[in-house]
There are 4 protein chains.
Amino acid sequence: MRVTIWNEFRHEKENDTVRSIYPRGIHGAIAEFLEQAGYAVQTRTLDDPEQGLDQETLQQTDVLIWWAHKAHAEVNDHAVERVKKRVLAGMGLIVLHSAHFSKIFRNLMGTTCDLKWREDGEKERIWVVQPSHPITRGLEEYFELPQEEMYGEHFDIPEPDHTLFISWFEGGEVFRSGCTYNRGKGKIFYFRPGHETYPTYYDKNVQTVICNAVEWAAAPSAVVPNYGNTEALEPILRLAKK
Amino acid sequence: MRVTIWNEFRHEKENDTVRSIYPRGIHGAIAEFLEQAGYAVQTRTLDDPEQGLDQETLQQTDVLIWWAHKAHAEVNDHAVERVKKRVLAGMGLIVLHSAHFSKIFRNLMGTTCDLKWREDGEKERIWVVQPSHPITRGLEEYFELPQEEMYGEHFDIPEPDHTLFISWFEGGEVFRSGCTYNRGKGKIFYFRPGHETYPTYYDKNVQTVICNAVEWAAAPSAVVPNYGNTEALEPILRLAKK
Amino acid sequence: MRVTIWNEFRHEKENDTVRSIYPRGIHGAIAEFLEQAGYAVQTRTLDDPEQGLDQETLQQTDVLIWWAHKAHAEVNDHAVERVKKRVLAGMGLIVLHSAHFSKIFRNLMGTTCDLKWREDGEKERIWVVQPSHPITRGLEEYFELPQEEMYGEHFDIPEPDHTLFISWFEGGEVFRSGCTYNRGKGKIFYFRPGHETYPTYYDKNVQTVICNAVEWAAAPSAVVPNYGNTEALEPILRLAKK
Amino acid sequence: MRVTIWNEFRHEKENDTVRSIYPRGIHGAIAEFLEQAGYAVQTRTLDDPEQGLDQETLQQTDVLIWWAHKAHAEVNDHAVERVKKRVLAGMGLIVLHSAHFSKIFRNLMGTTCDLKWREDGEKERIWVVQPSHPITRGLEEYFELPQEEMYGEHFDIPEPDHTLFISWFEGGEVFRSGCTYNRGKGKIFYFRPGHETYPTYYDKNVQTVICNAVEWAAAPSAVVPNYGNTEALEPILRLAKK
């Protein structure tokens, strides 16, 4: 299993607070705990050649993790198309936090993916609402993040195949924080937490969820459907042919 | 309730067989039974000004019906974007037959929407698998079309919110022929039958389904969510602010 | 459309606080706003002959509303079986608040329907998460109940066909407060609010939801599937018969 | 992982044809390929002490496979209740063929689970409609069974979490032949094929599906929700308490 972490990697370069939290980038922090969990990990960023989304990288990737926030518009449309093709062909995709507004996620969802938000350092409590799902393995019935950006409903997404987490926010909102989808032969998991000004990706529960999600999203099926014009499998006899 | 039927309207101009079946166009045939059912109907075609998809037309439309086949690529991307915005804002969308490959449907689904097909004049039997859904009202447990183009699985769509119909084809395939989705505040119904070389839109059961679907897709909700930066509804006291 | 409101009707007889809020019973309060909305309403209670669930009553009912709390075990198993049969045959069912633990709801869900609860007079804020659903028509993006009993996740139900509402509670929990299901030809809506010690059923938003739900749940389909041994619709020729 | 195969085991004792196909019982045939695939398997039958459904057996079982047909009514209600409790607590359940009418399946579904059927030795072609699901791994896009009993829609089940297979029958019917559900913390898979008079459980594709389903259904989550009366996690200050 090969995991690629793609990070916009701009806040960490431009903002001292963010850099002090993630000195090696958000991708670096995620790579660290995934490697410790035994996964083969590579990282790519927006300022890499071909924006880090060249065909070879994607072909070698079983699960792609995507973090982005302020530079969604800079991502090349052809690169987005390449990523989408790979997802539909079976590559898993984990979409983190503000990547709800990434081209790739909106493209795969077909909706605006809009939501409410507030940066006020408030408490988030994330409840498990589907305890039988493999992505929730190893968690208690809820976990807390002492300070996070708030995301609130209505979250303009298609109704998820499965809603795994619902967040309670101190300021009075709720949010569907963990959502699974199938698109083509690929599996997609949206996971809400991870604002760049908080050390969210060092949280053990957040790490557990991301590790579980990698495992869940990677599992490809060998079924390769055929499309297009096709021969009949049974005789077509009952009416005179045209 | 105002229904707009959008038809590519090319086969009917170019092909004698098709024109003999639908002398006033597929849109004309659909308009006729919808008008008889009491709906206010207007029709638009690809060769109309602004491809029939100008802002005013869309604003006046509660439910848009879409038939297209050979000219998907000619539909202007900005027009597709306008239609999508209206769907996400609450306009119903009924996607017929070969419009599975239209830009608007693929855009809203996020998948290739690919499938198997065969033109061999074979029998299709359409089974109701959700008898409690309003779109199935007035049907028997199945209905038949003596000759239709075959569409076969795998149909590369997101798992439907509800699968209403499954087709049996003489040549040995099956197909999810009636599928509902929500996208934003809009409702979408995909309905398989309707190849241009067969008189499918004169079939009473097909007409019943389309009338029911118009009724179902039109019902808008008055809930208008707010998105973006938002004030807290409850005091955020528990941790020192940043 | 004929609506029957079934109420356990015990708290109102035994407890002065509850009686002072609902002097004509919870069923009386619900009947009043449904009648004002133009529905034909009848009420039944646990202490009626045949527990108010005789065959004739059920046959005349298009939508059954069910409130119960402390006497679930007293409801006769044969009566439950009659109600279930009617739901599967197309009668709508609206399950309110503590009726999550009723025999009829558990029976239709197949799960324990267990949950967390706390009686502490706390604030509940109910968010709309599916603004395109007819049950949410006429609401703002959220509404509040100043004091309610808390119900918290995990709520042990099958994943709903559609999750319409999610509640935020002052004490830190969340809850899927509006859930739709299909069972057989019947539609089921679970709606959380309505503890007997608060005037919840006088709240205009709660009334809007219940009126909408009656409308949604009533719509029956005319499709009557046949079950059991059946003749072939096509010749079975390809292998020698047994 | 421990798999228990529960078989009614009556046809094999009473009918020469069936015995000649399954000399060691249907459970024996299933046990054989599961053991070869490396699973720890035990078998139980209706005529065992406590009908083979004693508490100890269930506690030792991660996935229970259930085949039954003519003696559903003989299964003890308390035994059914024990199985149901274990499923809701996380045991996987695989329901085969005519077990659609078993007490345990109807109990977990909440519907009649009725369907059409015909014993006419016709061909069944099973199409994969969700190629990304782990239960479909290792299959081609369809597989055939030369002779099977027909099961036809409408199948009176709740809409599945995921519909994996749809069958085409020579006689003109279709059927949702592979359906997944969650109930409580347990996973359920219904799989259609397996009439006792055909050697279906020796078919390699059928065996692949059952092996995959065991793997899928076994995966338990460690999340153990708490239910019942609960302390507030946040101060409830905003209104005077009752």
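The values are calculated or read from the model by the stated rules, or taken from the named source; none is laboratory data. If you're wondering where the values come from, they're calculated on a predicted model, not measured in any experiment. A quick note on method: Cβ atoms are made from the backbone with ideal geometry, for glycine too, and the neighbour counts reach across all protein chains shown. Ligands, DNA and RNA are excluded from the accessible area calculation, which covers all protein heavy atoms including side chains. Shrake-Rupley method; radii C 1.70, N 1.55, O 1.52, S 1.80 Å.
Observations
- Within segment C:185-212, the only residue that satisfies the criterion of being small (Gly, Ala, Ser) and either open to solvent by 10 Å² or more (accessible area, probe 1.4 Å) or closer than 29 Å to residue A:141 by Cβ (or both) is C:194.
- Count of segment D:95-119 residues, restricted to those that are modelled with pLDDT of 95 or more and more than 7 Å from chain C (Cβ to nearest Cβ), is 13.
- Identity of the residue in segment D:159-175, open to solvent by less than 10 Å² (accessible area, probe 1.4 Å) and among the acidic types (Asp, Glu), that ends up farthest from the other protein chains (Cβ to nearest Cβ): D:173
- Which numbered condition residue D:137 misses (of (1) at the interface with another protein chain (Cβ under 7 Å from one of its Cβ atoms); (2) without any contact (Cβ under 8 Å) to a residue 60 or more places away in the chain; (3) open to solvent by 10 Å² or more (accessible area, probe 1.4 Å); (4) under 27 Å from residue D:37 (Cβ atoms)): (2)
- Some residue of segment A:120-128 being within 13 Å of chain B (Cβ to nearest Cβ) and over 22 Å from residue C:152 (Cα atoms): yes
- In segment C:99-117, the residues that are in a helix (DSSP H, G or I) and either among the β-branched types (Val, Ile, Thr) or within 18 Å of residue C:184 (Cα to Cα) (or both): C:103, C:104, C:105, C:106, C:107, C:108, C:109
- Residue in segment C:101-111 that is under 18 Å from residue C:154 (Cα atoms), open to solvent by 10 Å² or more (accessible area, probe 1.4 Å) and in contact with a Phe, Trp or Tyr (Cβ under 7 Å, 6 or more places away or on another chain) present: no
- Evaluated against (1) surrounded by 22 or more Cβ atoms within 10 Å (Cβ to Cβ); (2) closer than 17 Å to residue D:175 by Cα, residue B:144 falls short on exactly one condition, (1).
- For segment B:44-66, the condition of being over 16 Å from the mean Cα position of the chain (by Cα), free of Cβ contacts under 8 Å to residues at least 60 places away in the same chain and under 30 Å from residue C:215 (Cα atoms) holds for at least one residue.
- Of all the criteria given as (1) open to solvent by less than 10 Å² (accessible area, probe 1.4 Å); (2) within 19 Å of the chain's Cα centre (by Cα); (3) of a type outside the set (A, V, I, L, M, F, W, C), the one not satisfied by residue D:130 is (1).
- Applying the criterion of being in contact with a Pro (Cβ under 7 Å, 6 or more places away or on another chain) and more than 7 Å from every other protein chain (Cβ to nearest Cβ) to the residues of segment C:141-158, the residue that is nearest to residue A:142 (Cα to Cα) is C:148.
- Residue among C:83, C:87, C:75 that alone is surrounded by 19 or more Cβ atoms within 10 Å (Cβ to Cβ), closer than 17 Å to residue C:10 by Cβ and modelled with pLDDT of 95 or more: C:75
- Residue in segment B:2-9 that is at pLDDT 95 or above and more than 20 Å from the chain's Cα centre (by Cα) present: no
- Single unsatisfied condition, residue D:37 versus (1) hydrophobic (A, V, I, L, M, F, W, C); (2) under 18 Å from residue D:191 (Cβ atoms); (3) open to solvent by less than 10 Å² (accessible area, probe 1.4 Å); (4) in contact (Cβ under 8 Å) with a residue 60 or more places away in the chain: (3)
- Segment A:1-30, subset of a type in the set (Lys, Arg) and closer than 17 Å to residue A:74 by Cβ, residue least open to solvent (accessible area, probe 1.4 Å): A:10
- So residue A:186, is it on the phi > 0 side of the Ramachandran plot and either at pLDDT 95 or above or within 11 Å of chain B (Cβ to nearest Cβ) (or both): no
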